[in-house]
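One structure is given here, and the rest of the page talks about it.
FYI, it's all coordinate maths here, none of it is from the lab. Keep in mind it's a predicted model, so treat the numbers as computed, not measured. Because the Cβ atoms are built from the backbone with ideal geometry, glycine has one as well, and the counts that use them run over all protein chains shown.
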Amino acid sequence: MPDSSEHSLDIQFSVPFMHRLRVTDDVSRDDFPQLLSVIKAGDTERAKVLLIGEQSVAAAVQRIAKQLTLADVTQLVHEPLLVKGGEEIKNSSNTVDQILEQINQSNLDRRSYIVAIGGGAMLDTVGYAAAVAHRGIRLIRLPTTTLAQGDSGVGVKNAINYFEKKNWIGTFAVPWAVINDSALLETLPDRDFSCGFSEAVKVSLLKNESEFRWLCDNAEAIRERNPVASKHAIHRSCLLHLKHITDGGDPFEMLEARPLDFGHWSAHRLEPLTQYRLRHGEAVAIGVAIDTIYSSLKFGFPEQDMLAVCHCLSRLGIRLWHEEIAPIERLMQGLEEFRQHLGGRLTITLLKAVGEPLNVHEIDHVVMQEAIEKLRRIQPKLAYPPNQSATDAANGTAHQNANNLR
Ligand SMILES: NC(=O)c1ccc[n+]([C@@H]2O[C@H](COP(=O)([O-])OP(=O)(O)OC[C@H]3O[C@@H](n4cnc5c(N)ncnc54)[C@H](O)[C@@H]3O)[C@@H](O)[C@H]2O)c1
Ligand SMILES: [Zn+2]
């Protein structure tokens, strides 16, 4: 009889990952060597590269394609695939299928590269296809929105929406490299430029008080697209997110708490409630404001700092209200949806003070109602933008009746 201990083994092991981040001014022109520097050719052959870009940045995609064709270490396997951007791309598997088809036809393998250039929604879609083909092809992300450069680009998740639920199919996969390039943001509309910084405010509130104060002082410059201020804000946000992933002990979200989802339980509910007319970044700004006010009512987060958070988001150019917030009970279903997606106990990260998060397992519905009512009263008094229905801009996308999650 074998020793019974041989039949039940619990062995802990770990696998090292490498995260590569590069920051460039114009990767499609002078800084192209930075892209080449993260691509490793084989001993005897060039590295196979499939380039996929979203249509909004087609000109830069074509310039990069040309440079990849001319380089001696890379072989561009096909002309660049140009796909649509925005949430709509995540709402069916069409684009994933198209990419998988191309990967197969081009005989890509695990040592090949997919270079993806686009916003968070497009990168999520391409990332999913890259992660499942041959169980993982090297993915180089070139994010083209402030949100994706400051947050999701260095994230280790990808997903598409399924069963009319957001991010229902997806994987955890560490990108091979991420290149945050300033020039790729030039064509981004002001609305998308501004709202991406809500994630920067979020992560600074959780992790770094001086960064939060800096954002408060520079919010207007960022909204006006001052290149120095906006680049600094994106980079600091990106580094704080990156540090959380590489150093926070839970990159693949095995634990109950997900601090980077501060402000997200209501944001994830609001996005589908507005048929995605509200951008993720706009919904997160409202969610951060709500949870900060709740933190001040319930956990003594200083009132003055609570107002600073609302003013900062507002001065960045984000409206902190949307008609679909009411009825409040409907919004609060987001708490249960949030719990269901994570499994286990409800765990929500709130704030005791700037830079001092705390996790709670219960939300006081009466106080949360009060917090939302308070935001309704504060919001018209905020400096910017003028009280308007800006969030319902006609270029909203997608129609998921999703139940949660970024
Ligand atoms: N995987 C993660 O860790 C993670 C984290 C946060 C958010 N997300 C996901 O990211 C998505 C939101 O991403 P986003 O905020 O980048 O928005 P987005 O990708 O939806 O892009 C917003 C709009 O800007 C356009 N666009 C993008 N770049 C442009 C450019 N340079 N010039 C002109 N137009 C441009 C897009 O086509 C789209 O219309 C959501 O689906 C969210 O769930 C994922
Ligand atoms: Zn988010």
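Neighbour counts of other C-beta atoms within 10 Å: give me Met122, Met254, Met306 arranged from fewest to most. Intermediate values should be presented prior to the final figure.
Numbers: Met122 30, Met254 8, Met306 22.
Ascending number of Cβ neighbours within 10 Å: Met254, Met306, Met122.
For the options Trp176, Trp214, Trp265, a Gaussian network treatment of the chain with springs between C-alpha atoms closer than 10 Å singles out Trp214 as fluctuating the most. Output the pairs from Lys298/Lys381; Lys166/Lys231; Lys90/Lys166 with a Cα-Cα distance over 18 Å in this structure; if there are none, say none. Table pairs above 18 Å Cα-Cα are Lys298/Lys381; Lys166/Lys231. Does anyone have the angle between helix 58-70 and the longest principal axis of the chain? Alpha-carbon axes, 0 to 90°, nearest 10? Result, in degrees: 30. Remark on segment 252-319: hydrodynamic radius 12.8 angstrom, per the Kirkwood mean of 1/r across alpha carbon pairs. Amide H of Ile169: which non-local residues (sequence gap of 5 or more, or other chain) have their own amide H closer than 5 Å, using H built in the peptide plane? Sorted by chain and number, the residues that satisfy this are Ile160, Tyr162. The HN-Hα couplings worked out from phi for segment 94-102 by the Karplus form 6.51 cos²θ - 1.76 cosθ + 1.60 (θ = phi - 60°) are 4, 5, 4, 4, 4, 5, 4, 4, 5 Hz, whole numbers, x standing for Gly and Pro.
Just to confirm the filter: which trypsin sites (Lys or Arg not before Pro) across segment 59-151 are DSSP coil and have at most 14 other Cβ within 10 angstrom of their Cβ? Intermediate results must be reported in sequence, preceding the final value.
Numbers: sites: Arg63, Lys66, Lys84, Lys90, Arg110, Arg111, Arg135, Arg138, Arg141; in loops: Lys84, Arg110, Arg111.
Taking segment 59-151 and a limit of 14 other Cβ atoms within 10 Å, the loop trypsin sites (Lys or Arg not before Pro) found are Arg110, Arg111.
Remark on segment 118-205: ratio of C-alpha radius of gyration to 2.2 N^0.38 Å is 1.10.
By the compact-protein rule of thumb, 2.2 N^0.38 Å, the alpha-carbon radius of gyration of segment 21-185 corresponds to a ratio of 0.94. Overall shape of the chain was characterised from the C-alpha gyration tensor. The equivalent ellipsoid obtained from it has semi-axes of 35, 26, 20 Å, in decreasing order. Here segment 203-392 yields Rg over Rh of 0.94, to two decimals, using C-alpha coordinates and the Kirkwood radius. Note: relative contact order over segment 90-210, using C-alpha pairs below 8 Å and six or more positions apart, is 25 percent.
With viscosity 0.890 mPa s and temperature 25 °C, the Kirkwood radius over alpha carbon pairs of segment 11-75 converts through Stokes-Einstein to a diffusion coefficient of 179 µm²/s. Applying the Karplus relation 6.51 cos²θ - 1.76 cosθ + 1.60 with θ = phi - 60° to segment 361-376 yields 3J(HN,Hα) values of 10, 9, 10, 7, 4, 5, 5, 5, 4, 5, 4, 5, 4, 5, 4, 4 Hz, where x marks Gly and Pro.
With the contact rule set at Cα under 8 Å and sequence spacing of 6 or more, what percent relative contact order holds for segment 203-392?
Details: 248 pairs, mean separation 54.7, N = 190.
Across segment 203-392, relative contact order equals 29 percent.
Note on the chain: with a GNM built from Cα contacts shorter than 10 Å, the maximum mean-square fluctuation among Leu350, Leu70, Leu123 falls on Leu70. Averaging over all projection directions, the Cα-based convex hull of segment 289-386 occupies 6.4 nm² in the image plane.
Close amide-amide hydrogen proximity is noted between Phe301 and Ser296, each under 5 Å apart and 5 or more residues distant or on a separate chain (H modeled in the peptide plane; Pro and chain starts excluded).
Using only the C-alpha atoms of segment 135-267, find the volume of their convex hull and express it per residue in Å³.
So the per-residue hull volume is 132 Å³.
Derived scalar couplings between HN and Hα for segment 352-358 equal 8, 7, 4, x, 10, x, 9 Hz in order, rounded to whole Hz, by the Karplus curve 6.51 cos²θ - 1.76 cosθ + 1.60 (θ = phi - 60°), x for Gly and Pro. When the GluC sites (Glu not before Pro) in segment 278-362 are filtered for DSSP coil states and for at most 10 other beta-carbon atoms within 10 Å of their beta-carbon, the remaining sites are Glu362. Here Glu373, Glu199, Glu45 are placed in order of increasing Cβ neighbour count within 10 Å, fewest first, which gives Glu45, Glu373, Glu199.
For Gly196, neighbours were defined as the other residues whose beta-carbon sits under 9 Å from its Cβ, and their charges (Lys and Arg +1, Asp and Glu -1) total -2.
Amide H contacts for Lys48 (H built 1.01 Å from N in the peptide plane; partners 5 or more residues away or on another chain; cut-off under 5 Å): Gln75, Tyr113. Taking other C-beta atoms within 10 Å as the exposure proxy, Ser152, Ser8 rank Ser8, Ser152 from fewest upward. In the elastic network of the chain, a GNM with C-alpha springs shorter than 10 Å, the most mobile of His365, His235, His264 is His365.
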